[in-house]
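Enquirer: Got a structure for you, written out below as structure tokens; questions coming shortly.
The values are calculated or read from the model by the stated rules, or taken from the named source; none is laboratory data. Note that this is a predicted model, so its numbers are computed, not measured. All Cβ positions, even for glycine, are placed from backbone atoms using ideal geometry, and neighbour counts span all protein chains on display.
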Amino acid sequence: MTLLSEVAPLLAAVGRSLHARGWAFATSGNFSAVLRRDPLVIAISRSGVDKGRISASDFLEVDDKGVVAGGDGKPSAETGVHLAVAGERGAGAVLHTHSIWNTLVSEAAGAEGGLALEGYEMLKGLAGVATHEHREWVPIIENTQDYEEMIRDVKAVLGLNPQAHALLLRGHGLYTWGRDLEEAQRHVEVLEFLLEVEGRLYASSGKLKTKPGGVAEGGRDGDR
């Protein structure tokens with residue numbers, strides 16, 4: 001068992017770091033870590049906090065039903081997504097970012113349902129990946145303000161893509177995770193790097209790898 005008081009300062013430091021990198025501006029993004037596994041209890045950032053100023057006091061203890069068991073404030077509206085990822089993937093930490101590049105790429109490839117990342121040495125920073133020849137499929141689901149629907153979609157896409165290290169919400173942002181906070185933070189750095197590379201390539205060529213062996217052209221649904 002891990003205490004909220006132990007993990008909250010670590011999560012806050014990660015949150016400020018992600019803000020400084022331009023990946024969680026203003027109140028965007030949310031961050032969590034598992035405190036107990038059975039029953040599942042997580043520490044998660046409260047709603048509405050500026051990520052550049054986030055501190056240990058901005059994290060809440062939340063049970064597997066989304067009920068606050070410790071701390072002050074309202075948990076992130078996407079707490080259910082964190083619980084779903086932690087439960088479905090056995091993740092020890094889940095990080096959600098809203099960078100310019102992950103937003104752009106998620107919109108550009110959204111109609112195709114995902115994005116393929118392959119051929120990059122940086123892929124070896126993902127857990128279990130030993131070669132640049134790895135093909136990482138990042139599924140994309142539609143954004144919605146119906147969070148119950150979002151949770152169902154997240155669970156479905158995780159079930160269909162058991163090897164995925166991340167998922168994108170279209171026009172919204174990136175979710176990634178790890179067996180612990182250190183691994184989750186590494187995955188954010190790897191994936192944000194690769195999504196920026198893909199975004200810059202797309203800006204110059206108008207193409208993204210969105211299907212096995214295939215390339216999609218154009219930036220909007222009607223262009224495909």
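Enquirer: Residues in segment 169-181: is at least one out of contact with any helix residue (DSSP H, G or I) (no Cβ under 8 Å at 6 or more places or on another chain) and at pLDDT 95 or above?
Expert: There is at least one residue in segment 169-181 that is out of contact with any helix residue (DSSP H, G or I) (no Cβ under 8 Å at 6 or more places or on another chain) and at pLDDT 95 or above.
Enquirer: Let me ask you something else. Look at segment 137-170 and say how many of its residues are in contact (Cβ under 8 Å) with a residue 60 or more places away in the chain and either closer than 13 Å to residue 82 by Cα or crowded, with 16+ Cβ neighbours inside 10 Å (or both).
Expert: The total comes to 10.
Enquirer: While we're on this one: Scanning segment 174-208 for residues that are surrounded by fewer than 20 Cβ atoms within 10 Å (Cβ to Cβ) and of a type in the set (A, V, I, L, M), which turns out nearest to residue 23 (Cα to Cα)?
Expert: My answer is 197.
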